[in-house]
Amino acid sequence: MSAAGGLLAIGGGVFHTVVSAVMRRDVWAQIADDGFFKTISLNPSADQLAAAEAFWFSPGSFGVPLLLLGSLVTWLTRRGHRVPGWLGGGLVAWALLIGLLSGFDGGTFALLTVGGLLAAGGWTSRRRLER
């Protein structure tokens, strides 16, 4: 189950990061024209708002960390290591918080699924080790 959760996390991370960047390609083209370095402000003015939103929607979003987490989980499971169930529980809690604050959508349900798979995989592998 952990391996499936890892692969789903990789797919979700890549999908979110790439699709959100493509959806904002006009803004990214403007960022490239303006000069890539120090283009994004954490306190954007009205004319910088589109660039800040594009950043937080793509590379600054949960997509990149989800991709990295999925890669780590996949790497661990392929080497026979157990992924701790608390990791999945943490993802489930995070997804519930996101869903309660902003509404449940496909991304929230994907996070819930990844978290559930990781939690179940960690719990079942722990039980097998205790026997």
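Since every read-out is calculated from the coordinates, none of them should be taken as a lab result. Owing to the predicted nature of the structure, the values given are computational and were not obtained by experimental measurement. Backbone-built Cβ (ideal geometry, glycine too); neighbour counts: all protein chains shown.
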| Correct option for Cα Rg over 2.2 N^0.38 Å [calculated from the coordinates] among (i) 1.36; (ii) 1.26; (iii) 1.19 | (ii)
| said: Are there any chymotrypsin sites (Phe, Trp or Tyr not before Pro) in the range 1-87 that are in a DSSP loop and have at most 13 other Cβ atoms within 10 Å? List them by number. | reply: Phe36, Phe37
| note | Taking the dipole of the chain about the Cα centre (Lys, Arg +1; Asp, Glu -1; charges at Cβ), the one of Trp86, Met23, Phe37 that reaches farthest to the positive side is Trp86
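Are there trypsin sites (Lys or Arg not before Pro) in the range 1-110 that DSSP marks as loop and that have at most 11 other Cβ atoms within 10 Å, and which are they? Intermediate values should be presented prior to the final figure.
Working: sites: Arg24, Arg25, Lys38, Arg78, Arg79, Arg82; in loops: Arg24, Lys38, Arg79, Arg82.
Hits after loop and neighbour filter: Lys38, Arg79.
Report the extension gain between Arg78 and Ala3 in nm, rounded to one decimal, defined as 0.36 nm multiplied by the number of residues separating them, less their alpha carbon distance. Spell out each step's value before the answer.
Values: separation 75, 0.36 × 75 = 27.00 nm, distance 0.78 nm.
Additional length available on full extension: 26.2 nm.
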| Scanning the chain for helices, which whole DSSP H stretches are 18 Å or more long along the axis (Cα) and average 1.0 or more by Kyte-Doolittle? | 2-23, 63-78, 85-102
